[in-house]
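The structure under discussion appears below in the form of structure tokens.
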Amino acid sequence: MDDPFDHIRARFSRLYEPYISIGKGWYPLLLELDAELTTIDPDLRYAQIKEKWGELRVYTTSDIDVVRAAIHRAEAKSRITCESCGAAGSMCKRGSWYRTLCESCAAESNYVPHQAR
Ligand SMILES: [Zn+2]
């Protein structure tokens, strides 16, 4: 199977497993972010890329402001993008699990819209 993240995995810090656990709907977000980060800092190393509390989380070994700003923008987009299909989505909940999903993906997997308090 084709791995769209080969080049991203190759840029993980050796201290971390190059494991990327996000849904297909966020692949374009991550690829776009990686392209942006590569332009900013070709030597940047990733530490973790994952979904947490329904949001994309990207950790790197870099602490410079432009890197953090780019990551924040991608994380903000993930909060309004269905992790499953890439359509417009919002935070949904099933039991104690949170995911950002569109209406139909949420219905398919028994998630319900969640209003943040
Ligand atoms: Zn969806």
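We did not get these values from a lab; they are worked out from the coordinates using the rules stated. Since this is a predicted model, take the numbers as computed values, not measurements. Positions of Cβ are backbone-derived with ideal geometry, glycine not excepted, and every protein chain shown enters the neighbour counts.
Given the conditions (1) loosely packed, with under 15 Cβ neighbours inside 10 Å; (2) within 16 Å of residue 78 (Cβ to Cβ), which single one is not true for residue 14?
(2)
Can you name the number of the only condition in (1) away from the ligand (no atom under 16 Å from the Cβ); (2) outside any helix (DSSP H, G or I) that residue 86 fails?
(1)
Has segment 46-65 got any residue that is of a type in the set (Lys, Arg), within 16 Å of the ligand (Cβ to nearest atom) and part of a strand (DSSP E or B)? So that I can check it myself, show each step before the final result.
Let us first name the residues in segment 46-65 that are of a type in the set (Lys, Arg), namely 50, 52, 57.
Remaining after also requiring within 16 Å of the ligand (Cβ to nearest atom): none.
Checked against the condition, which is being of a type in the set (Lys, Arg), within 16 Å of the ligand (Cβ to nearest atom) and part of a strand (DSSP E or B), segment 46-65 yields no hits at all.
Please determine, by comparing only the residues of segment 17-45 that are among the aromatic types (Phe, Trp, Tyr) and part of a helix (DSSP H, G or I), which one is surrounded by the fewest Cβ atoms within 10 Å (Cβ to Cβ).
Residues of segment 17-45 among the aromatic types (Phe, Trp, Tyr): 19, 26-27.
Then keep just the ones that are part of a helix (DSSP H, G or I); that gives 26-27.
Values: 26: 25, 27: 15.
This residue is 27.
Would you check which residues across segment 1-45 are of a type in the set (Lys, Arg) and away from the ligand (no atom under 16 Å from the Cβ) and list them? Reasoning before the result, please.
The initial filter retains those residues of segment 1-45 that are of a type in the set (Lys, Arg), namely 9, 11, 14, 24, 45.
Within segment 1-45, 9, 11, 14, 45 qualify.
Using beta carbons and a limit of 9 Å, which pairs, at least six apart or on different chains, have the first residue in segment 96-112 and outside any strand (DSSP E or B) and the second one surrounded by 12 or more Cβ atoms within 10 Å (Cβ to Cβ) and among the acidic types (Asp, Glu)?
Partner pairs satisfying both residue conditions: 105/83.
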